[in-house]
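Take a look at the structure below.
No value in this document is a laboratory result; all are computed from the given coordinates. Nothing here was measured: the structure is a model prediction, and the numbers come from that model. So basically every Cβ, Gly included, is an ideal-geometry build from the backbone, and we count neighbours across all protein chains shown.
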Amino acid sequence: MQYAPGDLIDAVTILLPTGGRTSVVAAMPETGATVVLTRDGVVVGRGAQLDDTSTPVETTPDAQVFYGTGEVLLCSLPGADAPELDLPPGIYQAYAVLPVTLQQVTEADGTTRAVSDTLVLRSQPVDVIVEAPRD
């Protein structure tokens, strides 16, 4: 996939596993996953979560796809204002990252229990090519 600096990336997906359970109820951000861009194993770009509101979602062993969005912009250190700088041209790896808080699991034997584990799910990487800025 090719993107110009500042473009929106919205094609990275993440499959939500249930870990062999019949179903899992987890609170997830309503805005979905966030795209994180890396280069040589270092995070260099990240989409901002527009809203931290979460909604409980029930997942089953069937494949469930959640989309991630992000921008082709340089990210900042935690707590610092994000610079409005384009990423340099080149090849990057994009990951969809989805924080979830488990609320309830139903095991294969039918037993249900409440849980409160927080997990961060990550997709497989997708190569993204950032083009040189157009003059």
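Remarks
- Calculated Rg and Dmax of the range 90-135 using C-alpha coordinates, Å: 18.8, 62
- Computed label-point distance, nm, for sites residue 117 and residue 91 using a 7 Å Cα→Cβ extension: 3.5 nm
- Modelled label positions at residue 103 and residue 124, each set 7 Å beyond Cα in the direction of Cβ, lie 3.1 nm from each other.
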